[in-house]
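The values are calculated or read from the model by the stated rules, or taken from the named source; none is laboratory data. Quick caveat: nothing in here was measured; it's all calculated off a predicted structure. Quick reminder, even Gly has a Cβ in these numbers, built from the backbone with ideal geometry, and neighbours come from all protein chains shown.
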Amino acid sequence: MTETVSAQAIIDIPLNEAWEKLSDISVAHHYVPGLVKTEIITDQRTGIGASRYVYRSEKSYIQETVEEWQEDEGFLIRLHKGEKPAPPFREAWFRYALSPQGPHSTLFIAQMRYDMPWGRLGQWLGSKMAGFVQSTIADVAMSMKLYYETEQPTTSGALKAYKAAQR
């Protein structure tokens with residue numbers, strides 16, 4: 001059973017600027033909480049087939065490969081490790097999508113789709129993980145807004161302060 005979670009944020013920059021930033025897949029660690037480094041591992045840096053490692057520590061990484069690419073709109077990446085899916089998933093994808101919200105702002109939508117292995121146990125675990133994944137996706141959307149608007153990597157402290165100010 002496929003689980004899908006999403007979050008969105010209005011980013012106060014025009015769509016063309018947001019796309020310029022989003023299409024640089026080498027900087028995920030500036031706006032994805034918990035990532036410490038991003039490494040492009042293909043000669044191709046954009047478009048279908050571009051691939052990167054995203055690191056949670058110096059040695060812990062997953063691979064992300066672009067499977068769909070729509071100029072000025074977004075892309076879909078598959079999460080994996082070599083030929084195998086990223087643990088603990090049977091399959092997982094992350095979609096980044098942009099749409100204009102007037103001349104000076106952009107709607108960003110982050111969405112994660114995933115399937116769990118292990119039959120009924122995996123379905124149960126996937127449904128239990130949905131809240132955690134939803135919270136993580138919301139943090140990605142907020143962190144991306146902060147990074148795009150300030151042009152500074154989003155720290156955990158900045159994200160925490162932003163979330164507190166929104167309450």
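Annotation for segment 156-166: no member residue is of a type outside the set (A, V, I, L, M) and either within 24 Å of Ser51 (Cα to Cα) or not in a helix (DSSP H, G or I) (or both).
Figure legend. Inter-residue proximity from segment 94-107: first residues outside any loop (DSSP other than H, G, I, E, B), second residues among the basic types (Lys, Arg), beta-carbon distance below 9 Å, spacing 6+ or different chains. Indicated pairs: Phe94/Arg78; Phe94/Arg113; Arg95/Arg113.
Counting only residues that are part of a strand (DSSP E or B), farther than 18 Å from Pro103 by Cβ and more than 15 Å from the chain's Cα centre (by Cα), segment 1-22 holds 2 of them. Here Asp72 does not fit the description of being of a type in the set (Asp, Glu), more than 30 Å from Arg120 (Cβ to Cβ) and loosely packed, with under 14 Cβ neighbours inside 10 Å.
Looking only at residues of segment 69-91 that are among the charged types (D, E, K, R), outside any loop (DSSP other than H, G, I, E, B) and under 16 Å from the mean Cα position of the chain (by Cα), we find that the one that is farthest from Ser23 (Cα to Cα) is Glu91. Can you tell me which residues in segment 30-58 are in a loop (DSSP other than H, G, I, E, B), farther than 25 Å from Ser135 by Cα and not hydrophobic (A, V, I, L, M, F, W, C)? Residues satisfying the conditions are Thr42, Asp43, Gln44, Arg45, Thr46, Gly47, Gly49. I'm checking my understanding of the structure. Among residues of segment 106-149 that are among the hydroxyl-bearing types (Ser, Thr, Tyr) and at pLDDT 95 or above, which one is farthest from His30 (Cα to Cα)? Going through the qualifying residues, I end up with Thr106. Residues being closer than 20 Å to Tyr148 by Cβ and surrounded by fewer than 18 Cβ atoms within 10 Å (Cβ to Cβ) are entirely absent from segment 54-65. Inside segment 53-108, residues that are closer than 13 Å to Leu15 by Cα and among the β-branched types (Val, Ile, Thr) make up a count of 1.
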